[in-house]
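Chemist: Would you mind keeping the following structure in view while I ask a few things?
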Amino acid sequence: MIKKNINASVIFHIIKLSETWKRNGDAITQDFGITTQQWLVMLLLAKDPNILYFKDNPHEKPLMAKELAEAMNVSRANITNLLNVLIKKKLVAQLEDKQDKRRKRLSLTDAGEIMVEKIETVRNEYNARLLSKFTKLQKTAVNEFIDICLQNMKNEALLKN
């Protein structure tokens, strides 16, 4: 029989939080005609400084599809599908790399930048309401906890390889 375990409980709480946040994100982004995953692609292309990927992977140049896939921890095929929709909606454009014409870099279009600004306003209002009962110290502690968990997972993966 499975016994109550604080470690398992923490993990399941984080999973439930993540699932609920995604569902709420879907409710916000669908009003703008995109999905949460498409929104995350746009945030990456906007180089949102809050995204952890940029902490370990600073970028001067616009991102490529393979970098988006790495940042979102999804397959290249998944990114291609997301990008095709965003390109069709004229929110994202492909650019030739100046050093290597075979490489395609990605950028938000003017319409994409406007959409990011609009959704960002809604996202900031939502996050402010949601997190208003927590102190800055509590929020910082959560970030530190997650950073340590991610580092531990990375170290575990390195040990297995």
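Chemist: What's the total number of residues in segment 33-79 that are open to solvent by 40 Å² or more (accessible area, probe 1.4 Å), more than 24 Å from T20 (Cα to Cα) and either in contact with a Cys (Cβ under 8 Å, 6 or more places away or on another chain) or among the small types (G, A, S) (or both)?
Modeler: Selection size over segment 33-79: 2.
Chemist: What are the pairs with Cβ atoms under 6 angstrom where one residue, in segment 62-89, is farther than 21 Å from Q30 by Cα and part of a loop (DSSP other than H, G, I, E, B) and the other, located anywhere, is open to solvent by 20 Å² or more (accessible area, probe 1.4 Å) and of a type in the set (S, T, Y)? Sequence gap at least six, or different chains.
Modeler: Partner pairs satisfying both residue conditions: P62/S107.
Chemist: Out of all the residues in segment 97-114, is one or more surrounded by 11 or more Cβ atoms within 10 Å (Cβ to Cβ), over 21 Å from the mean Cα position of the chain (by Cα) and among the acidic types (D, E)?
Modeler: Yes, the conditions are met somewhere in segment 97-114.
Chemist: Find all pairs meeting these conditions: Cβ atoms under 8 angstrom apart; at least six residues apart or on different chains; first residue within segment 1-24 and open to solvent by 70 Å² or more (accessible area, probe 1.4 Å); second residue in a helix (DSSP H, G or I) and not basic (K, R).
Modeler: K22/T36
Chemist: More than 23 Å from K154 (Cβ to Cβ), outside any helix (DSSP H, G or I) and modelled with pLDDT under 95: does that describe P58?
Modeler: Working: more than 23 Å from K154 (Cβ to Cβ): no; outside any helix (DSSP H, G or I): yes; modelled with pLDDT under 95: yes.
No: the conditions fail for P58.
Chemist: Which one of these does E96 not meet: (1) in contact with a Phe, Trp or Tyr (Cβ under 6 Å, 6 or more places away or on another chain); (2) farther than 25 Å from G33 by Cα?
Modeler: Evaluating E96 over (1) in contact with a Phe, Trp or Tyr (Cβ under 6 Å, 6 or more places away or on another chain); (2) farther than 25 Å from G33 by Cα leaves (1) as the failure.
Chemist: Within segment 23-38, restricting attention to residues that are of a type outside the set (D, E, K, R) and within 14 Å of the chain's Cα centre (by Cα), which residue is farthest from K118 (Cα to Cα)?
Modeler: Going through the qualifying residues, I end up with Q37.
The values are calculated or read from the model by the stated rules, or taken from the named source; none is laboratory data. Since we're looking at a predicted model, the values are computed, not measured. Cβ coordinates were reconstructed from backbone atoms using ideal geometry, including for glycine residues, and neighbour counts include every protein chain displayed. The accessibility values were calculated without ligands, DNA or RNA, using every heavy atom of the protein model including side chains. Shrake-Rupley method; radii C 1.70, N 1.55, O 1.52, S 1.80 Å.
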